[in-house]
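*Asks:* Dumping the structure here so I can ask a few things about it.
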Amino acid sequence: MDRQYQYDYEWDSSYCYPHSFILKNKLDIQDGKLLSEAERKLTALRILTLQSKPVKGIFNLKHLQAIHRFIFQDVYFWAGNLRTVNIAKGNQFCNCRYIGSGSKPIFNELQREHYLIGIEPENIPKRLAYYLGEINVIHPFREGNGRAQRVFIQYLAQAAGYHVDFSDVSATEMIEASAQAFDCDYRKMTALFQKITVPISVKEQEQFIRSISAKGSPVLEVFETMENMPEETQTEGEGPHMTLE
């Protein structure tokens, strides 16, 4: 892999075993290859569970943290916690001191955009690409950002009425698209979403939104408001839409 796409870390005793960049883990595995294999197997099982039992939330930083915590709970003590060291991958991700404040604008924007519920179908790939790219710049966790981000975006797509299948995207494609998105060029990321995003029924959309929503969820409120819009503002056979400015 090109050196610019490899991670650079600050060594920190709170994360790593002495004289090593191997992350301290609940399994106490101190061999990098073995840890990677165990992590992959354990997290794959957790991600599979998330398909039928989604993590509740309102598409903010806490929701992303809860997803990360669920995925990595078997491996890392700090699963779901914001990182306390700086990391880079060609470009420097958000400084660890500003993850909380730095992520607020993007999640606030998502809320203002009604969690993509009701926007025109042709805008969906572009907006999913934008949010994945921007959340990737934050990179809130010491490890496992990609997996948590992809689940978050899959949830966001389902809430908007779409299914996203990342299994059709190669690691190289995702890395290159993410690198370009870092520079606010979302064309490659948008092209990826155009090929992996398909609509679901309104019934499936509603079932998913209710499955992630606690009482008083603003996500559910947005959906119910859109559903109660006059029929003439909706496209026949589809959910309600709104046009982006």
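*Asks:* Can you pull out every residue in segment 184-205 that is touching a strand residue (DSSP E or B) at 6+ places or on another chain (Cβ under 8 Å) and not in a helix (DSSP H, G or I)?
*Replies:* Thr197, Val198, Pro199, Ile200
*Asks:* Within segment 76-106, how many residues are touching a helix residue (DSSP H, G or I) at 6+ places or on another chain (Cβ under 9 Å), charged (D, E, K, R) and either modelled with pLDDT under 95 or over 19 Å from Tyr131 (Cβ atoms) (or both)?
*Replies:* 2
*Asks:* Being in contact with a Leu (Cβ under 9 Å, 6 or more places away or on another chain), farther than 17 Å from Phe182 by Cα and in a loop (DSSP other than H, G, I, E, B) is the filter here; which residues of segment 103-140 pass it?
*Replies:* Matches in segment 103-140: Glu113, Glu120.
*Asks:* Please specify each residue of segment 141-150 satisfying the condition of being surrounded by fewer than 23 Cβ atoms within 10 Å (Cβ to Cβ) and in a helix (DSSP H, G or I).
*Replies:* Asn145, Gly146, Arg147, Arg150
*Asks:* I'd like the residue in segment 1-34 that is part of a helix (DSSP H, G or I) and within 23 Å of the chain's Cα centre (by Cα) and, out of all such residues, is modelled with the highest pLDDT.
*Replies:* Ranking the candidates gives Tyr5 first.
*Asks:* Take segment 164-193 and flag every residue that is more than 22 Å from Ile106 (Cα to Cα) and of a type in the set (S, T, N, Q).
*Replies:* Ser167, Ser170, Thr172
*Asks:* Which of the numbered conditions does Ala129 fail, given that it passes all the others? Conditions: (1) at pLDDT 95 or above; (2) surrounded by fewer than 19 Cβ atoms within 10 Å (Cβ to Cβ).
*Replies:* Only one criterion in (1) at pLDDT 95 or above; (2) surrounded by fewer than 19 Cβ atoms within 10 Å (Cβ to Cβ) is unmet by Ala129, namely (2).
*Asks:* Any chance you could count how many residues in segment 151-183 are assigned to a helix (DSSP H, G or I), touching a strand residue (DSSP E or B) at 6+ places or on another chain (Cβ under 9 Å) and surrounded by fewer than 18 Cβ atoms within 10 Å (Cβ to Cβ)?
*Replies:* Qualifying residue count, segment 151-183: 2.
*Asks:* Based on this model, can you work out whether Gly102 counts as more than 18 Å from the chain's Cα centre (by Cα), small (Gly, Ala, Ser) and farther than 23 Å from Thr43 by Cα? Talk me through it step by step, then tell me what you get.
*Replies:* Working: more than 18 Å from the chain's Cα centre (by Cα): no; small (Gly, Ala, Ser): yes; farther than 23 Å from Thr43 by Cα: yes.
In short, no.
The values are calculated or read from the model by the stated rules, or taken from the named source; none is laboratory data. Bear in mind that the values here come from a model prediction, so they are computed numbers and not experimental data. Positions of Cβ are backbone-derived with ideal geometry, glycine not excepted, and every protein chain shown enters the neighbour counts.
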